[in-house]
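Please read the structure below before turning to the comments.
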Amino acid sequence: MSAIVETPRFPISDKYRQSCQGELDVLRDALQRGLSGTSEVVEHYEADLAAWFDSQNAIAVSSGGAAISVALAAAGVGAGDEVALTPTSPLCTVYPVIAAGAVPVFVDTREHGFGMSLEDLSRVHNAKLKAIIDIPMWGYPTEVDELQACARERGYTLILDLAHAHGSTLHGKHLSHYGDISCFSTHERKPLATGEGGFLLSDRQDLADRARSYSRFGNLNGRDFGLNYKLAALPAALGQHRLRYLQEQIDARRRNAEFLLSRIHHPKVREKKQIDGGETNYYSLNLQLFFRNNRSFIDYLEVNGIPSDIKRYGCKCLYKFPAVAAYQRDCPNGDALLRGMTTIPVHPNVTEDELFYIASIVNDYNGD
C-alpha cells in the first residue's frame, strides 16, 4: 500500500478565482449606467462574446442552467418530447430537460470519450425525439462534427452544453460552430467567470431570436410566452472585461497540462484520449486510470492535497441518482469512463512547484 503524506505540502485548490487588473474601475463605470439585463452594458458584452467565439449571435443569461432551459425553449421542446443526452453529464444538464416537461433519453458515450455514440443514438431514434445535447466534459472536444451531420439528417436540434469548454476547438473551430445552439456557464469556477451567469451562441437567426425573446418574458408582447433569464449589467461588465484575458488563461492551462504530462511516468496513468483535430482548453486535466481499484488512487491523491471532480461531485451516470432514476437506460461505456478516470487542476494559479509535487505524488503511487 502506498505511503500517504498526512499533511500535504501543497493542498492544491480546484477553484480558480480570476482577478484581472482594472476590474474595480470597470464595475464603477457600469454603476453609472443602467443595471438591468437590457442595459447597453449587456449589449456590448454580447457583441464581444459573439466576436470572440466567431458567432452570429450571443445572448447573455443568468446561469448555465438558464442557458439550457432557454435553448430547449428556442428549439420548441415541450411536454412529452424526448431529448437525448449522455449520462456522464452533470445534473445541471438534465434538470432543465425534466423541468421543461420533456423526457431525458440517455444515450451511451463512445468507448474512448464523452461524445455521444451514433450507434446508440440510432437505437432510440423515434418521432418524439426532438433534440440532442452533447457535453464535452472537462473541456475535451467530442466528435461534434459527426453529430452535427447526424442531427441534420434526422431533423434533431443539436444543443451543445459547453459549460466546461470555453475555447476548446475541433478542426480549428470553436465547438459552438457545430451546434445549432450552444450553452455556456460563467460560474466562478469557469474559465470565463462572472460569479453566476451564462450565455448562448447560435448562427441560426430563428433560434437566436426565440432564445432572446424567451429569456425576456417573450418580449412582454402578451403573445409569446417567456421567463426572465436575463443577465444583469454588473456581471456583464465583469465578463466583458475578463473576456479580454480568456485566451491568455487558456494558454496558461495548456502550458500547465503539458508541463505536468511531461513529468507523469506512472505506467497505469495517462491522459484521456484526445480526438483527432481536437484541442482542449484544459478546464481540468483528465487522467485515465488502469488500477484494479481506481478509487483508492483518487483517495490517495486527495489525502495528499490533490482534489478530483469525480469525488467532489460524486460523478456517476445520471440515472444512478434518485432524482433521475426513473429514466434509467444502461450505458456501459459512460459508466466505465467515469469509473476509470480522475481530474487534476491545471488552472493558472497552480504554481510550478505544485505541478512538480502533483507529478511526484502520482509517480510515487504503488497501489494496485
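The values are calculated or read from the model by the stated rules, or taken from the named source; none is laboratory data. Everything numeric in this text was worked out from a predicted model, so none of it was measured. No Cβ is skipped: glycine too gets one built from the backbone with ideal geometry, and neighbour counts run over all protein chains shown. For accessibility, only protein heavy atoms count, side chains too; no ligands or nucleic acids. Shrake-Rupley method; radii C 1.70, N 1.55, O 1.52, S 1.80 Å.
Using +1 on the beta carbon of Lys and Arg, -1 on that of Asp and Glu, and nothing else charged, what's the dipole of the range 1-132 about the Cα centre, debye to 20?
Dipole magnitude for the range 1-132 comes out near 300 debye.
For the chain, set up a GNM with springs between Cα atoms under 10 Å and report which of Val269, Val83, Val144 has the largest fluctuation.
With Cα springs under 10 Å in the chain, the top fluctuation among Val269, Val83, Val144 is at Val269.
In debye, nearest 20, what is the charge dipole magnitude of the chain about its Cα centre with +1 on Lys and Arg Cβ and -1 on Asp and Glu Cβ, if you could check?
The calculation lands at about 600 debye.
Which of the listed residues, Gly101, Thr342, Ser69, is farthest toward the dipole's positive end in the chain, when Lys, Arg count +1 and Asp, Glu count -1 at the beta-carbon?
Gly101
Sorted by packing (mean other beta-carbon atoms within 10 Å per residue), highest first, where do 334-344, 223-233 land?
For the peptides 334-344, 223-233, the packing ranking is 334-344, 223-233.
Quick one: Cα centre-to-centre distance for the range 335-368 and the range 180-232, in angstrom?
Using only Cα atoms, the two centres lie 36 Å from each other.
With a 10 Å radius around each residue's Cβ, average the other Cβ atoms per peptide and rank 56-69, 106-119, highest first. Don't skip to the answer; put the middle values down first.
Details: 56-69: 24.5, 106-119: 20.4.
Taking the mean over residues of other Cβ atoms within 10 Å, the ranking is 56-69, 106-119.
Ranked highest first by average number of other Cβ atoms within 10 Å, how do 238-249, 278-289 line up?
278-289, 238-249
Taking every DSSP beta bridge with both residues inside the chain, roughly what % is antiparallel (nearest 5)?
60
Could you tell me which residue out of Phe321, Phe297, Pro307 lies farthest along the dipole of the chain toward its positive end? Charges go on the beta carbon: Lys and Arg +1, Asp and Glu -1, centred on the Cα centre.
Phe321
Ignoring ligands, DNA and RNA, please state the percent of accessible area on the chain from carbon and sulfur, probe 1.4 Å.
48
Which percent, nearest 5, of DSSP beta bridges in the range 54-157 are antiparallel? Write out the running numbers ahead of the final one.
Working: 1 of 10 bridges.
Antiparallel bridges make up about 10 percent of those DSSP assigns within the range 54-157.
Let me know the shape class of the range 183-306, please: from the alpha-carbon gyration tensor, a ≥ b ≥ c as square roots of the eigenvalues, rounded when a/c is under 1.5, otherwise prolate if a/b is greater than b/c, or oblate.
Because a/c hits 1.5 or more and a/b exceeds b/c, the range 183-306 counts as prolate.
In whole Å, what is the distance between the alpha-carbon centres of the range 250-315 and the range 28-85?
Using only Cα atoms, the two centres lie 31 Å from each other.
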